[in-house]
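Throughout, read-outs are computed from the coordinates displayed, never taken from laboratory work. None of these values were measured; they are calculated from a predicted model. Heads up, the Cβs are rebuilt from the backbone with ideal geometry, glycines too, and the neighbour counts pull from every protein chain shown.
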Amino acid sequence: MSFRFQIEATDGLARAGRLYTPHGEVETPVFMPVGTVGTVKGVPQHTLEELGVQILLNNTYHLYLRPGVETVRQLGGVQKFMAWDRPILTDSGGFQVFSLSDLRKVTEEGVSFRSHLDGSLHFFSPENAIAAEIGLGADIIMAFDECTEYPADRARAQASMEMTLRWAQRSKEYFEAHKEEVPWFEDRHSPFAMRHSPETTPPRQTKPEWGAQGSGVEEEKQVLRSPRRPQDDNIDLRMELSGEERMANGEWRTTPPRQRMAEWGTRIEPGQTQALFGIVQGGTYPDLRRESAERTVEIGFPGYAIGGLSVGEPRAMTYEMVNAAMPHLPADKPRYLMGVGTPEEIVQYVAQGVDMMDCVLPTRAARHGLLFTSEGRLTIKNARYAKDEGPLDPSCNCCVCGRYSRAYLRHLYASNELLAQVLNTVHNLAYYLDTMRRVRQAIKAGEFAHFLSDVRPPQLSVP
Ligand SMILES: [Zn+2]
C-alpha cells in the first residue's frame, strides 16, 4: 500500500498517529517546515535530519518556474534532487498563483498568470498542476484549488468553493489516470546506478525479516532494506538521526548520503504511488465550510486539507472555520490545516483534531531576528542582549542553544552575517518540532488537557 494513516492515541479531539508514505513514516501531529524552492532557507538537509524533521513541504509553483518540473523529473524527483530521503509534500501551486503572481485570470479551465521571476506567461489547470506534482514526485500532493481571498462576500465564497469542488474532481481524475508516471524508479542518472542495473540487481525478496541471519552479501543487503521494526524505537531513532544502518552482524555502518539517495529507487516497492489530498474551501462561512468538507469527502481522498485560512482573517475566525469543517472530515483520514501558525496556535489546532500543519512563520521570522522560546518571543537585535551570555532559550536542547550566547547571536544579526539567519532558523525549527513532540507525548499519555492549560493563550493576531 502506498499511503496509510494509523491513529495510535486520542485525547479529546486530539490525535496522535502515524503516516506511512513511500519515503518513510511521519509521526503526527506534525509540523512541516517549508522548503519553498527545494530548500528550507539557510538550513542544510543533514541539519534538518539532526533536528528530527520527518517531512518537508515544497512549493510546486516555485519549482515549476525554476528549475522546472522536467529537470526535477529527469533527476529522479524532488527527493533525489534535493538529497532528502524522507517524505515530502507539495502544494498544488494554487496558493502562490493567487498570492505572488501578477495579472492572473481565472476561468473554469484554470488560471493564467505571469511569473513573479521574469513576467513570462503560464497556465495552471487542475490537470497540468497535478502533472507538475507527479513530475516532482513528492509523497503527498494536493488537489488544485482556488484559495478564496479574504474578505469575500458569500456569493463569491460559494462560487469559488463550487469551482474548487469541480477542480478537485478533475484533479483526482487526472491523478488516477497518470499516477504511475511518478519518477521514483529511474536511477539512470545516478553515479551509483550500475549497482542496481538489471544485470547486477538480485531479484527482490518479499518482506525479509529484520535481523534474519544470512552469510551472503546479497542477503545482508536485503536485511538492511527490510522494514524497520516499529517497536524498536532506539534503533529507529539512531537510523533516523545519523543515516546509519545496522548490519546483520549487529555492527553499524554509515551509508554515504549520495549512495543512500541512489538506493531509494530499489527501496520503494514497484507500483507505489503518491497520495492526493483534497482541499476544503468555503471562505469564512461555517455552512460553506461544512458543505465543502462533505462534498470533498464524497469525491474521496486519502487525506483532507483545510485551505484558504490564515489569509488575513481574524484568528478567532480561523478557529471557527476549522471547527466548522472538522466534524465532517472522516476520523480515520489525516487532516491538514494549511499555512498555520504560531507555536501557541498549532497546539490549539491539534486540540481541534488537526494532524498536519505547515507555515513559513518559524523560518521567515528567524530570518528577521524573531525567535520563539519557552519564555515567549525574543527579538535578537534588541540592545539588551548585547552582553547577554545566556542561551537563546534555557529550556531548548537544540545545537544553537547548546553552544552560542544571545550576545553572539545579536552580534551576528547586527552584522548582517549569513550565520545569523542559519542559527536563528535552526533554533525556531527546533522549538516548533519540540513543541510537537511534547504535544504528541501528552496525547499518548492522556495528559493533553493538562498540557494545553500550561500553554499561554494563543495570540489572536500574527506577530
Ligand atoms: Zn534552541
**Request:** For a quick protection proxy, order the peptides 163-169, 390-396 by their average other-Cβ count within 10 Å, most packed first.
**Result:** 163-169, 390-396
**Item:** Simple label model, 7 Å out from Cα along Cβ direction - Thr107 to Asp287, nm
**Value:** 3.3 nm
**Fill in**
Taking 0.36 nm per residue of separation between Glu27 and Ile7 and subtracting their Cα-Cα distance, the length gained on full extension comes to 6.2 nm
**Request:** May I ask for the distance between the Cα centers of the range 85-160 and the range 281-348, given as a whole number of Å?
**Result:** 18 Å
**Centre separation in Å (Cα based) which lies between the range 416-442 and the range 16-60** = 13 Å
**Request:** Specify whether the C-alpha gyration tensor of the range 93-163 places it in the rounded, prolate or oblate class, a ≥ b ≥ c being the square roots of the eigenvalues: rounded for a/c under 1.5, otherwise prolate if a/b is larger than b/c and oblate if not.
**Result:** oblate
**Request:** Can you bin the range 364-454 into rounded, prolate or oblate? Criterion: square roots of the alpha carbon gyration tensor eigenvalues sorted a ≥ b ≥ c, rounded for a/c under 1.5, prolate for a/b above b/c, oblate for the rest.
**Result:** prolate
**Asked** Want the number for Thr39 to Arg364: 0.36 nm per residue separation, take away the alpha-carbon distance, what's left?
**Response** 115.7 nm
**Complete:** Descending packing, highest mean Cβ count within 10 Å first, for 306-313, 250-257 is 306-313, 250-257
**Request:** Over the range 364-454, calculate the relative contact order: mean separation of alpha carbon pairs under 8 Å at least 6 apart, over the residue count, as a percent.
**Result:** 28 percent
